[in-house]
1. For region 71-89, does any single residue satisfy the condition of being touching a residue at least 60 places away in the same chain (Cβ under 8 Å), under 18 Å from Glu117 (Cα atoms) and crowded, with 19+ Cβ neighbours inside 10 Å?
2. Can you pull out every residue in region 16-31 that is aliphatic (A, V, I, L, M) and either more than 12 Å from the chain's Cα centre (by Cα) or under 18 Å from Ser121 (Cα atoms) (or both)?
3. Restricting the search to region 17-59, which residues are within 16 Å of Ile77 (Cα to Cα), within 12 Å of the ligand (Cβ to nearest atom) and touching a Pro at 6+ places or on another chain (Cβ under 9 Å)?
4. Would you pick out the residues in region 1-44 that are small (Gly, Ala, Ser) and farther than 17 Å from Gly58 by Cβ?
5. Might you let me know whether region 52-70 holds any residue that is surrounded by 14 or more Cβ atoms within 10 Å (Cβ to Cβ) and within 15 Å of Val116 (Cα to Cα)?
6. Would you check if there is a residue in region 117-131 being in contact (Cβ under 8 Å) with a residue 24 or more places away in the chain, of a type outside the set (D, E, K, R), over 19 Å from Glu9 (Cβ atoms) and in contact with a Gly (Cβ under 8 Å, 6 or more places away or on another chain)?
7. Note down all Cβ pairs under 8 Å where the first residue falls in region 1-16 and is within 14 Å of the ligand (Cβ to nearest atom), the second is part of a helix (DSSP H, G or I) and of a type in the set (Val, Ile, Thr), and they're at least six residues apart or on different chains.
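Every number in this text was worked out from the coordinates using simple rules, so none of it is lab data. All of these numbers come straight from a predicted model, not from anything done at the bench. Cβ placement follows ideal geometry from the backbone for every residue including glycine, while neighbour counts extend to all protein chains displayed.
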Amino acid sequence: MTARILVVEDNPANMKLVSMVLAKGGHHVLQAEDAESGVALAADEQPDLILMDILLPGMDGLEATRRLKTDPLTARIRVVALTAFAMKEDELRIQSAGFDGYIAKPIQYKSFLQEVERWLSESAGPRGPAI
Ligand code: MN
């Protein structure tokens, strides 16, 4: 299943790696280096899935996701956090911001693509359990 996936990530090395893996998986990648342009791009391009870094310059990924989920234009788009955070309180912060789930960094090629495919297949059907 080929999808259009928006990646919001300020770290150039992570952006390059994530984009390469998604492209090898047959997906079309849209890129944003900060939350403001990511939110704007999401509204304009209506991607199938958004992968959102948490720590970003200016607005962070939590606030960006709150905005995406409260805007009727983007509220239906699945937003998955790309995060190195693994602590329970971080998981709760991610959940309360409205993220549909998260993928832990550093990403592993095969499991990352499998997780992306899972999120894509879930976007096509009824909403599953959050996180
Ligand atoms: Mn970052």
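1. From region 71-89, those touching a residue at least 60 places away in the same chain (Cβ under 8 Å) are 82; that's our starting set.
Subsequent filtering for residues that are under 18 Å from Glu117 (Cα atoms) retains 82.
Pick out the ones that are also crowded, with 19+ Cβ neighbours inside 10 Å and you get 82.
Yes: region 71-89 contains one or more residues that are touching a residue at least 60 places away in the same chain (Cβ under 8 Å), under 18 Å from Glu117 (Cα atoms) and crowded, with 19+ Cβ neighbours inside 10 Å.
2. If we filter region 16-31 for residues that are aliphatic (A, V, I, L, M), which is where we start, we get 17-18, 20-23, 29-30.
Residues satisfying the conditions are Leu17, Met20, Val21, Leu22, Ala23, Val29.
3. Ala35
4. Here is the first cut: in region 1-44, the residues small (Gly, Ala, Ser) are 3, 13, 19, 23, 25-26, 32, 35, 37-38, 40, 42-43.
Scanning region 1-44 gives Ala3, Ala13, Ser19, Ala23, Gly25, Gly26, Ala43.
5. Of all residues in region 52-70, those surrounded by 14 or more Cβ atoms within 10 Å (Cβ to Cβ) come to 52-54, 56, 59-69.
Those still in the list that are within 15 Å of Val116 (Cα to Cα) too: 52-53.
Scanning region 52-70 turns up at least one residue that is surrounded by 14 or more Cβ atoms within 10 Å (Cβ to Cβ) and within 15 Å of Val116 (Cα to Cα).
6. yes
7. Val7/Val18; Glu9/Val18
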